[in-house]
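Right, one structure below, let's go through it.
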Amino acid sequence: MQGISREVREMGGGRRTRRRLAGGAGVGAVALALLACDAPGAAPGSRSQGPVKLAVVTRGGGDGTGMEQLIIPAFTKAYPNIQVEHASLGGEPDYWTKVVTGHLGKDLADIVWASTGGFHALGHRGVFKELDPLARADKYDFKDYVPGALETLKIDGKLQALPWGGHPGYTGLVYNEELLTRAGHKPPDATWTWDRLLEVARTSSRVTGDDKSDVYGFHPVTDYLGLTPIVRGNGADFLDREGKRVILGSPAGLQSLNVYRDLWVKHRVAAPVGSNVGDLFVQGRMAMWQGNYGSQFSPGEKGINGRFKWGMVILPKGTSGKVGTQLTINGMAMSALSKNPDAAWTFLKYIMEPDVQVPAVLSGASRPGLRRSVLRHPRLMSDMKSHAVWVELLESASPWHQPANFRWSEFNEQINKAFAPAWKGEQTVEQALSQNMPAFDAILQKPREGFV
């Protein structure tokens, strides 16, 4: 990996280490080993003698980069008796299969990244260790944590991960201030309605059919988390409370879907389906687009490079008076197979500390941990482009909701497939939903998850 010398990569990094970190999936590992005294923070009477080795696995991308370049080096300085080896197991959904394979083969890392998209399925399989006994023995105080985050990471009432990073879904509105000013508008704010957004989008667009010069007023995200702000904001939902039945066909649900369809078919303010919205924004050809917390980093200042002024606010509220949210968490859990639970618990606590979180978040390598002392940290509130506008939603977002059988990934894929013809104007949303109801029902009737 970049930024790590060959000598460090080779420290303890033979085939045996790589095989163990990957959970039998053959993924390479980086060994970061610094040895010294006993690890602080271990539970009384259970401190390991001599150096302790921990293995950590994450998915690929920013989660792994931040762990490699920022968090693990800092941890090994603070706890030099704990050697930490890290491996990125690639993207989802293959990541989940590799974790389950490692668990079944009794060859899984001590610390496991687990977002809400797969956490509950793994938890009900017994992949993770309950954290409550370790926290009680350590007299660890959870008062600073966002309550909804802790509840989301419980399996049968038992805490099985810490909320290392989180976001409330695609509830952001990223804007090019210069394009809006040119069209005679001020930047968006919390008073905007969906009608106001559409009005500004129409007058900011210049769409003739030339895909090399057209300027688009607003582009939405149309997967589960992208549709959530308007669907739930209008008082509708995808699934019933039990997660066993699709209820998107309610009047409010269909009206919400039609707002998005009209962006392409009626108002012609959205870029063609499948466009690279980030590239269009950097080119100055996108006035507004729907983003998430990470959109302030990508393309961010580095990509825009001073070409224009820009910013981000939260999308307008729906008819319910709220912005629809879904608390989405990148959790960090302890494997039920870990032979070093005290050291693993020390690591989990460490990565949730504000002084550890803040540099990782500022670098763009992580979403903020769901603790108030992190979310309201002065540096994040003042130094980041748009962190402050997210804090309230992060603290109050609706809990994660998914199919009762945990097949959220399949359900999300079906949403993408089902409504693509509607966004292109080939079907109405009513036709698309009706035609795909058997496929939705078939997913909901499957056994729990199915990673392997």
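Every read-out reported here was derived from the displayed coordinates using simple, explicitly stated rules and does not represent laboratory data. Predicted model only: the values in this text are computed from it and were never measured. Using ideal geometry, Cβ is built from the backbone for each residue, glycine included, and neighbour counts are taken over all protein chains shown.
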Applying the gyration tensor rule to the Cα atoms of region 311-350 (axes a ≥ b ≥ c; rounded if a/c under 1.5, else prolate if a/b exceeds b/c, else oblate), the class is prolate
Rounded to two decimals, the Rg over Rh value of region 172-324 from Cα coordinates and the Kirkwood Rh reads 0.98
With θ set to phi - 60°, apply the Karplus curve 6.51 cos²θ - 1.76 cosθ + 1.60 along region 438-443 and write out the HN-Hα couplings as whole Hz, x wherever there is a Gly or Pro.
-> x, 5, 4, 4, 5, 5
DSSP beta bridge pairing in region 172-324, given as percent antiparallel to the nearest 5 = 85
Sequence ranges 134-140, 161-167, ranked by mean other-Cβ count within 10 angstrom, highest first = 161-167, 134-140
Where nothing but the Cβ of Lys and Arg (+1) and of Asp and Glu (-1) is charged, how large is the charge dipole of the chain around its Cα centre, in debye to the nearest 20?
-> 400
So for the chain: antiparallel DSSP bridges make up what percent, rounded to the nearest 5?
-> 70
Between H124 and V273, what FRET efficiency comes out of the Förster formula 1/(1 + (r/R0)^6) with R0 = 45 Å and r the beta carbon distance, rounded to 0.05?
-> 0.80
Once phi is turned into ³J(HN,Hα) by the Karplus curve 6.51 cos²θ - 1.76 cosθ + 1.60 with θ = phi - 60°, what whole-Hz value does each residue of region 223-239 show in order, with x for glycine and proline?
-> 8, 3, 6, x, 7, 3, x, 8, 4, 6, x, 9, x, 9, 7, 7, 10
Ranked packing of 354-362, 187-195, most packed first, by mean Cβ within 10 Å = 354-362, 187-195
If you take the beta carbon distance between Q283 and T181 as r and set R0 to 22 Å, what does 1/(1 + (r/R0)^6) give as a FRET efficiency, to the nearest 0.05?
-> 0.80
Which of V112, L444, S363 sits farthest toward the positive end of the charge dipole of the chain, with +1 on the Cβ of Lys and Arg and -1 on the Cβ of Asp and Glu?
-> V112
Mind listing the phi-derived Karplus ³J(HN,Hα) values for region 302-314, rounded to whole Hz, using 6.51, -1.76 and 1.60 with θ = phi - 60°, and x for any glycine or proline?
-> 4, x, 6, 6, x, 5, 7, 7, 8, x, 8, 10, 8
For region 58-158, give the magnitude of the charge dipole about the Cα centre (Cβ charges: +1 Lys/Arg, -1 Asp/Glu; no others), in debye to the nearest 20.
-> 160
Sort out for me the Cα centre separation of region 286-321 from region 153-218, rounded to whole Å.
-> 6
For region 88-160, count all C-alpha to C-alpha pairs, find those more than 18 Å apart, and express that count as a whole percent of the total.
-> 44
Within the chain, what is the longest stretch that has no GluC sites (Glu not before Pro) placed in a DSSP loop and near at most 12 other beta-carbon atoms within 10 Å?
-> 1-241
Compute the length gained on full extension between T319 and E199: take 0.36 nm times their separation in residues and subtract their Cα-Cα distance, giving the result in nm to one decimal.
-> 41.5 nm
Low-density loop trypsin sites (Lys or Arg not before Pro), region 322-411, at most 16 other Cβ within 10 Å, DSSP non-H/G/I/E/B, are K322, K339, R376, K385
Work out how much length D355 to K302 would gain on full extension: take 0.36 nm times their residue separation and subtract the Cα-Cα distance, in nm to one decimal.
-> 16.6 nm
Past 29 Å, Cα to Cα, is the threshold; run K266/K302; K53/K302; K317/K349; K244/K349; K417/K446; K106/K244 against it and keep the listed order.
-> K266/K302; K53/K302; K317/K349; K244/K349; K106/K244
Along the positive direction of the dipole of the chain (beta-carbon charges: Lys, Arg +1; Asp, Glu -1; about the Cα centre), which of H167, S434, L89 reaches farthest?
-> L89
Zero-based 20 Å bins, Cα pair distances in the chain, whole percents | 24, 54, 21, 1
Report the FRET efficiency, 1/(1 + (r/R0)^6), for L104 and D223, where r is their Cβ-Cβ distance and R0 is 30 Å, rounded to 0.05.
-> 0.50
The set of residues whose placed amide H lies less than 5 Å from the amide H of R371, leaving out same-chain residues fewer than 5 positions away, is V146
Which value, in debye to the nearest 20, describes the size of the charge dipole of region 210-279 about its Cα centre when Lys and Arg Cβ atoms bear +1, Asp and Glu Cβ atoms bear -1, and nothing else is charged?
-> 280
Around K53, which amide H atoms from residues at least 5 apart in sequence, or from another chain, sit under 5 Å from its own amide H, with H modelled in the peptide plane?
-> Q83
Residues whose modelled amide H sits under 5 Å from the amide H of I314, counting only those 5 or more places away in sequence or on another chain, are L173
